[in-house]
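**Student:** Below is the structure I would like to discuss, written out as structure tokens.
The values are calculated or read from the model by the stated rules, or taken from the named source; none is laboratory data. All values reported here derive from a predicted model rather than from experimental measurement. All Cβ positions, even for glycine, are placed from backbone atoms using ideal geometry, and neighbour counts span all protein chains on display. These accessible areas exclude ligands, DNA and RNA; they are computed on the full protein's heavy atoms, side chains included. Shrake-Rupley method; radii C 1.70, N 1.55, O 1.52, S 1.80 Å.
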Amino acid sequence: QEKLDMSTYPVESIRNFSIIAHVDHGKSTLADRLLEITGTISKTDRNKQVLDKLQVERERGITVKAQSASLFYSHEGINYLLNLIDTPGHVDFSYEVSRSLSACQGVILVVDANEGIQAQTVANFYLAFEAQLSIIPVINKIDLKNADPERVEKQIEKLFDIPTDECIRISAKQGTNVEKVLQKVVEKIPPPQCNTTDPLKALVFDSTFDHYRGVIANIALFGGEITRGQKIVSAHTKKRYEVNEVGILTPNEQPTHKLYAGQVGYLIAGMKEVTEAQIGDTLFLYKQPVEPLPGFKSAKPMVFAGMYPIDQTEYNNLKSALERLTLNDSSVTVHRDSSLALGAGWRLGFLGLLHMEVFNQRLEQEYNMSVILTAPTVPYKAVLSSAKLIKEYGRDQITIINPAQFPDKLSVSEYLEPTVLGTIVTPQEYIGKIITLCQDRRAVQKDMLYIDENRVMLKYLFPLNEIVVDFYDALKSLSSGYASFDYEDAGYQSADLIKMDILVNGNPVEELATIIHKDKAYAAGKILCERLKETIPRQLFEIAIQAAIGKKIIARETLKAYRKNVVAKCYGGDITRRMKLLKRQAEGKRLMRKIGNVEVPRDAFIRVLKRDTDK
């Protein structure tokens with residue numbers, strides 16, 4: 001394979017840009033067209049979402065991982081090197097977007113001509129705006145019969161202050177006007193500010209794992225040049241490596257002799273462990289240290305769920321699968337955890353529910369592991385008031401991930417719950433229903449703005465645990481799929497939290513304890529008891545299933561006992577005869593209940609703890 005000579009592309013003729021948009025506005029399709037026009041891939045009918053390489057992405061038609069590709073394009077006689085990064089559009093993966101933007105100098109903001117501006121468009125625009133990148137607005141899908149590009153242009157002007165004549169109208173599917181986008185990229189986006197004569201400085205903005213070659217790091221060079229055989233050092237781990245191969249991604253890897261400042265490519269340097277390619281890390285030449293680049297804000301997990309192998313003998317296989325998968329998805333946090341009912345496992349932190357589902361699906365598809373995921377929870381905090389506990393923890397605020405560690409009310413001055421600032425963009429006819437939904441979820445309205453005559457943007461402050469399970473689905477079904485939702489972290493606020501225990505025959509079942517808001521406890525307790533009643537097998541004695549807060553029982557279901565028909569042999573005769581037999585049976589049952597021990601079977605836990613999709 002011929003190695004490319006990259007020295008023909010000086011810094012002035014390099015453009016790094018990424019494509020951002022709401023889910024399903026046609027980012028990956030636009031990326032396909034750009035790859036075709038520049039001759040990076042051949043023009044065939046099979047080019048659908050070329051950059052979405054994962055099976056999950058293909059099945060669901062969403063982008064999960066940002067992918068980069070280098071395009072060669074000549075404009076007015078000059079050859080340009082364009083580095084394109086295709087980003088995900090879903091709210092859970094905004095971490096991927098902010099990471100990709102750090103390697104760019106400009107963005108293409110894609111808006112659907114049919115849907116107009118949606119919540120994620122607004123969020124992604126502000127990510128790019130805060131990073132001070134130049135923004136090229138593109139209106140896609142003008143070939144649809146309901147498309148209304150004039151309306152969308154007005155929306156863009158009103159919300160983002162971008163003049164309407166700057167918008168490019170394209171149809172990525174049919175390729176209309178796409179060439180114009182490339183010309184705009186060359187004209188409007190500035191080249192990277194860096195120099196090949198500086199010492200080497202490279203930012204790792206992504207990494208993947210290859211079974212044969214180890215870790216492949218995606219790097220953006222902010223200075224100097226890098227070639228095979230050089231000794232490099234990581235600023236984060238201080239380990240040194242020898243570079244085995246460098247190259248560019250024209251979606252597929254294409255080795256080159258060298259990479260120069262301003263270019264984006266990949267690097268293989270014999271890193272064995274996935275943790276070594278820390279995302280946001282700076283690489284430099286051995287004995288030539290440089291000031292490390294500002295890394296990324298590490299992703300904040302918003303949702304926690306327990307993950308356990310279905311069979312404990314699979315524990316080690318699952319462990320290695322998790323390690324390999326978290327390399328490709330550095331935003332998942334992993335803590336060891338064990339539970340009496342489910343055995344040894346992990347507590348994983350995800351950025352959101354879709355993230356959790358995709359992660360689970362990738363485990364199943366790429367590593368053939370099927371696992372038990374418990375219902376998602378969010379991290380609470382408690383401000384301690386008792387001196388003894390403060391001394392024990394060494395600080396006066398603790399974070400509670402597991403309900404078992406929930407401190408008693410007497411030793412706490414207040415409990416805090418995480419909140420998020422949610423943005424909902426919706427057609428105005430659904431406003432009433434949506435406001436009611438938000439109020440049910442204990443949300444506080446912050447702002448309401450009409451984008452145009454039939455579109456409204458609502459801002460609400462939500463407690464995170466209210467939206468974490470099914471808010472998104474409820475919102476979509478209320479608004480016939482038109483409303484879109486996006487949220488960002490908004491710190492903690494004090495809340496009236498309590499721990500709800502589940503008792504089976506008076507004995508608490510630790511795995512089923514949950515932390516819940518006081519107002520919601522009764523309803524949740526009732527549902528849990530009902531679900532347990534269906535899953536626990538009947539015994540020869542009666543079982544009481546109760547939900548309790550402290551000593552107070554708030555809900556109860558009774559599982560009736562199996563009974564032998566002891567009066568079958570009575571034919572007529574006196575009533576006292578029957579009563580005696582029934583009384584004797586009742587005494588036997590009472591004795592049995594005293595010594596009887598209810599083991600809640602494992603599959604009952606799995607059914608109760610799994611996400612309640614069927615309610």
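**Student:** Filter segment 278-297 down to the residues that are surrounded by 13 or more Cβ atoms within 10 Å (Cβ to Cβ) and at pLDDT below 70, then identify the one that is nearest to Glu225 (Cα to Cα).
**Tutor:** Leu293
**Student:** Report, by residue number, each residue of segment 489-530 that is open to solvent by 60 Å² or more (accessible area, probe 1.4 Å), over 17 Å from Tyr380 (Cα atoms) and assigned to a strand (DSSP E or B).
**Tutor:** Of everything in segment 489-530, those that are open to solvent by 60 Å² or more (accessible area, probe 1.4 Å), over 17 Å from Tyr380 (Cα atoms) and assigned to a strand (DSSP E or B) turn out to be Asn507, Pro508.
**Student:** So, Ser207, is that one farther than 16 Å from Gly265 by Cα and crowded, with 20+ Cβ neighbours inside 10 Å or not? Don't jump to the end; show me each part of the working.
**Tutor:** Working: farther than 16 Å from Gly265 by Cα: no; crowded, with 20+ Cβ neighbours inside 10 Å: yes.
No.
**Student:** Output the residue which, of all residues in segment 575-599 that are assigned to a loop (DSSP other than H, G, I, E, B) and open to solvent by 90 Å² or more (accessible area, probe 1.4 Å), is modelled with the highest pLDDT. If you could, list the steps in order and put the result at the bottom.
**Tutor:** First pass over segment 575-599, keeping only residues assigned to a loop (DSSP other than H, G, I, E, B): 596-599.
Then keep just the ones that are open to solvent by 90 Å² or more (accessible area, probe 1.4 Å); that gives 597, 599.
On the way: Asn597: 74, Glu599: 71.
The extreme case among them is Asn597.
**Student:** Turning to a different aspect of this structure: Hey, can you tell me all the residues within segment 426-450 that are in contact (Cβ under 8 Å) with a residue 40 or more places away in the chain and either of a type in the set (D, E, K, R) or buried (at least 18 other Cβ atoms within 10 Å of the Cβ) (or both)? First the steps, then the outcome.
**Tutor:** Within segment 426-450, the subset in contact (Cβ under 8 Å) with a residue 40 or more places away in the chain is 426-427, 430, 433-434, 437, 442.
Result: Thr426, Tyr430, Lys433, Ile434, Leu437, Arg442.
**Student:** Check whether at least one residue in segment 253-268 is outside any strand (DSSP E or B), within 28 Å of the chain's Cα centre (by Cα), outside the structural domain of Asn465 (by the TED database) and touching a residue at least 12 places away in the same chain (Cβ under 8 Å), and report yes or no.
**Tutor:** Within segment 253-268, the subset outside any strand (DSSP E or B) is 257, 261-263.
Pick out the ones that are also within 28 Å of the chain's Cα centre (by Cα) and you get none.
Checked against the condition, which is being outside any strand (DSSP E or B), within 28 Å of the chain's Cα centre (by Cα), outside the structural domain of Asn465 (by the TED database) and touching a residue at least 12 places away in the same chain (Cβ under 8 Å), segment 253-268 yields no hits at all.
**Student:** Another question about this same structure. Residue check: is Ile41 touching a His at 6+ places or on another chain (Cβ under 7 Å), of a type outside the set (Lys, Arg) and modelled with pLDDT of 65 or more?
**Tutor:** Details: touching a His at 6+ places or on another chain (Cβ under 7 Å): no; of a type outside the set (Lys, Arg): yes; modelled with pLDDT of 65 or more: yes.
Spelling it out, it is not the case that Ile41 is touching a His at 6+ places or on another chain (Cβ under 7 Å), of a type outside the set (Lys, Arg) and modelled with pLDDT of 65 or more.
**Student:** Give Thr237, Thr208 a once-over and let me know the one that is touching a residue at least 12 places away in the same chain (Cβ under 8 Å) and part of a loop (DSSP other than H, G, I, E, B).
**Tutor:** Numbers: Thr208 fails: part of a loop (DSSP other than H, G, I, E, B).
Being touching a residue at least 12 places away in the same chain (Cβ under 8 Å) and part of a loop (DSSP other than H, G, I, E, B) holds for just one of Thr237, Thr208, which is Thr237.
**Student:** Taking Ile435, is it outside the structural domain of Asn597 (by the TED database) and closer than 23 Å to Gln155 by Cβ?
**Tutor:** Working: outside the structural domain of Asn597 (by the TED database): yes; closer than 23 Å to Gln155 by Cβ: yes.
So Ile435 fits the description; yes.
**Student:** I would also like to ask the following. So how many residues does segment 211-234 have that are in a strand (DSSP E or B) and surrounded by fewer than 17 Cβ atoms within 10 Å (Cβ to Cβ)?
**Tutor:** Residues that pass the stated criteria total 2.
**Student:** Among (1) part of a loop (DSSP other than H, G, I, E, B); (2) closer than 28 Å to Leu458 by Cβ, where does Asp143 come up short?
**Tutor:** So the condition that Asp143 fails would be (2).
**Student:** Sticking with this structure for a sec: Looking at Leu384, Leu373, Leu353, Leu410, can you tell me which residue is more than 26 Å from the chain's Cα centre (by Cα) and surrounded by 19 or more Cβ atoms within 10 Å (Cβ to Cβ)? Steps first, please.
**Tutor:** Values: Leu373 fails: more than 26 Å from the chain's Cα centre (by Cα); Leu353 fails: more than 26 Å from the chain's Cα centre (by Cα); Leu410 fails: surrounded by 19 or more Cβ atoms within 10 Å (Cβ to Cβ).
Among Leu384, Leu373, Leu353, Leu410, only Leu384 is more than 26 Å from the chain's Cα centre (by Cα) and surrounded by 19 or more Cβ atoms within 10 Å (Cβ to Cβ).
**Student:** How many residues, within segment 464-506, are in contact with a His (Cβ under 7 Å, 6 or more places away or on another chain) and modelled with pLDDT under 80? Can you show your working first?
**Tutor:** Just the residues of segment 464-506 that are in contact with a His (Cβ under 7 Å, 6 or more places away or on another chain), to begin with: 484, 495-497.
With the extra rule that they be modelled with pLDDT under 80, the set shrinks to 484.
The total comes to 1.
**Student:** Another question, then. Would segment 534-546 turn up any residue that is modelled with pLDDT under 90, over 38 Å from the mean Cα position of the chain (by Cα) and part of a helix (DSSP H, G or I)?
**Tutor:** Checked segment 534-546: no residue is modelled with pLDDT under 90, over 38 Å from the mean Cα position of the chain (by Cα) and part of a helix (DSSP H, G or I).
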